[in-house]
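Beneath this line is the structure, given in structure tokens, with notes to follow.
Throughout, read-outs are computed from the coordinates displayed, never taken from laboratory work. Just so we're clear, the structure is a prediction, and the values are computed from it rather than from any experiment. As a convention, Cβ positions derive from the backbone with ideal geometry for all residues, glycine included, and neighbour counts pool all protein chains shown.
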Amino acid sequence: MDDVKAKAVRGGLAKVCGQTVSFALRIISVAILARLLDPGEFGLVAMATVVTGIYGLFTTAGLSSATVQQATITDEQISTLFWINMGIGLLLAALCAASAPALVSFYHEPRLFWVTVAIGTGFVLNAAGVQHSALLQRELRYVTLTIVECLSQVGGMVVAIGMAFAGFGYWALVAGAIISPAINTACMWMATAWIPGAPRWGRATLPMLRFGGTITLNGLVVYVAYNLEKVLLGRFWGADALGIYGRAYQLITIPTDNLNGAVGGVAFSALSRLQHDSFRLRNYFLKGYSLIVSLTIPPTIFCGLFSEDIVLVLLGPKWLEAAVIFRLLAPTVLIFGMINPLSWLLLSVGLQGRSLAIALVIAPLVISAYFVGLPYGPKGVAVAYSAAMTLWVIPHLAWCLNGTAISLSALLLAISRPLLSGVVAALIAYVVQVQIEGWGLPLMRVLIEGSVMLSIYCLMLFLVMGQGAFYFGLLAALRKSSLPEGTASLG
């Protein structure tokens, strides 16, 4: 168990560092591409990816999670899963090509044909690295995974920006989406040095297929629920409206996506190793949850409160209309930060069926909200989306935790401290914003507002809420885990 803790802490440190780099790269990429390309070009690619993204859910077929979650697994089982993944990847590429005419007809946009066909090649590239990535996760080798992810992200970003500079327009976004998985898969093969053997079917593989199938169905339901509004906006309001909504959505979800990416994979791997030790499972989960929530709340509130200045700095004046969408989506993203980590718990203890049932309830709730807001355009959809998620958050938390080692009161306590700290910090930062409104450049205002909010938030959380010992203890554990073996007790 101590080995799991040490590896989890090291992996968490690596992922936090990696996601910090990823966050910076994504911000830089968004800022540069937003100035080189028009909203309609982003909207055009979004029309394809919001649909082909459904196919992408089947690339892993949940089999990477099945590999990680199993207590024991053989080389023959992994090889069999690899060839299943490859078959699915080839099938998805073919489905992309077959779907292209339908997308052209649905959106009345002939350029979508070759965009959709090209995006399909990424499924084969991704499928070839699924089990290699799962092996690294299973061994908690998150330093290696982080390096590979950063390399692939840089490669895709460089290609996209280079092609945008060269005048390739929306094809720059398509090329970046293909290059990243190609680099990722190549690096995964080199990192694991594992070569799959011939597939061998057996009874031991069937439970893993059922586990993966449930996760895949869950992912499909959630994806449709959380992305249908983009399809509707593209169909009824056009590429420009979708481009603006899509940029706002992507920008405000960057902090939560990166934080969940930093902690989620490590947490799932570690909790899976502790699924039969309820005391340690509860302890590890609550610590990880407290960390992710405390890091999610301040940037999300900050983004919603100071959206205009942030959009001016990152996207430029031509995207100012996205600032309102940015602000209206903030409650939804804040709630995502609270509910998404619960999937670590459900999947690690084998409650994937409950996770699917919850998704089947969320889907009609948010889809109904989209249709309520759709007549009012992107703003109406954003308002309805946030309202639906706000009404859903407490029932979601209670349902996920029912019958587990985690109580609802313990989870709400973990949420309340950073949430109250964030609200107080935001109010003080807003007062500062009123005083400096119209003063200086937007970047200067964002830096001042952000510094004030961060300072007040840390004071509130560490001193007033009494959480200083927890975070300083976490830093000490990170420092200890980063020392070479045999030196951890020094100093």
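How far apart, in nanometres, would the label points at Leu413 and Lys287 be if each is projected 7 angstrom from Cα along the Cα-to-Cβ direction?
Between Leu413 and Lys287, the label points sit 1.7 nm apart.
Would you work out the relative contact order for segment 2-482, in percent, from Cα pairs under 8 angstrom that are 6 or more residues apart? If you can, show how the numbers build up before the last one.
Numbers: 670 pairs, mean separation 92.3, N = 481.
Reported as a whole number, the value is 19 percent.
Neighbour counts of other C-beta atoms within 10 Å: give me Met453, Met460 arranged from fewest to most. Let's see the in-between values first.
Values: Met453 26, Met460 20.
Ranking Met453, Met460 by Cβ neighbours within 10 Å, fewest first, gives Met460, Met453.
Determine one quarter of the surface area of the Cα convex hull of segment 65-189, which equals its mean projected area, and express it in nm² to one decimal. Could the numbers behind the result be given before it?
Values: hull surface 34.3 nm².
If you wrap the Cα atoms of segment 65-189 in a convex hull and average its projections, you get 8.6 nm².
Which of Leu91, Met444, Met188 sits farthest toward the positive end of the charge dipole of segment 2-482, with +1 on the Cβ of Lys and Arg and -1 on the Cβ of Asp and Glu?
Met188
So what does the Cα-only Debye profile of segment 353-422 read at q = 0.16, 0.17, 0.22 Å⁻¹, as log10 I(q)/I(0), no solvent term?
-0.70, -0.76, -0.95
How high is the relative contact order of segment 355-485, in percent, counting Cα pairs under 8 Å that sit 6 or more residues apart?
Values: 68 pairs, mean separation 21.4, N = 131.
The value is 16 percent.
Could you compute the FRET efficiency for Leu391 and Ile28, with r as their C-beta to C-beta distance and R0 at 45 Å, rounded to 0.05?
On the way: r = 36 Å, r/R0 = 0.81.
Calculated value: 0.80.
For the pair Phe106/Asp38, report the inter-label distance in nm, with labels modelled 7 Å from Cα in the Cβ direction.
So the two model labels end up 2.4 nm from each other.
Give me Met338, Met47, Met190 ranked fewest to most by other Cβ atoms within 10 Å of their Cβ, as a rough exposure proxy.
Values: Met338 24, Met47 29, Met190 11.
The order, fewest Cβ neighbours first, is Met190, Met338, Met47.
Straight-line reach from Lys379: which aspartates and glutamates have Cα under 19 Å away, leaving out those fewer than 8 places along the same chain?
Glu229, Asp240, Glu308, Asp309, Glu321
In vacuo Debye scattering of segment 306-435, one point per C-alpha: log10 I(q)/I(0) at q = 0.22 Å⁻¹?
Here the Debye-derived log intensity ratios amount to -1.27.
When N counts the residues of segment 2-482, how does its alpha-carbon radius of gyration compare numerically with 2.2 N^0.38 Å, as a ratio?
Working: Rg = 22.1 Å, N = 481, 2.2 N^0.38 = 23.0 Å.
Cα Rg divided by the expected 2.2 N^0.38 Å: 0.96.
Multiplying the sequence separation of Val434 and Thr20 by 0.36 nm and subtracting their Cα-Cα distance, what value in nm do you get? Don't skip to the end; give the middle numbers.
Values: separation 414, 0.36 × 414 = 149.04 nm, distance 3.02 nm.
Gain on extension, Val434 to Thr20, equals 146.0 nm.
Using the Cα centre of segment 2-482 as origin and beta-carbon charges of +1 (Lys, Arg) and -1 (Asp, Glu), tell me which of Pro331, Gly380, Thr216 is placed farthest towards the positive end of the dipole.
Value: Thr216.
Taking the Cα centre of segment 2-482 as the origin and placing charges on Cβ (Lys, Arg +1; Asp, Glu -1), which of Gln435, Leu420, Leu25 is farthest toward the positive end of the dipole?
The Cα lying farthest towards the positive end belongs to Leu420.
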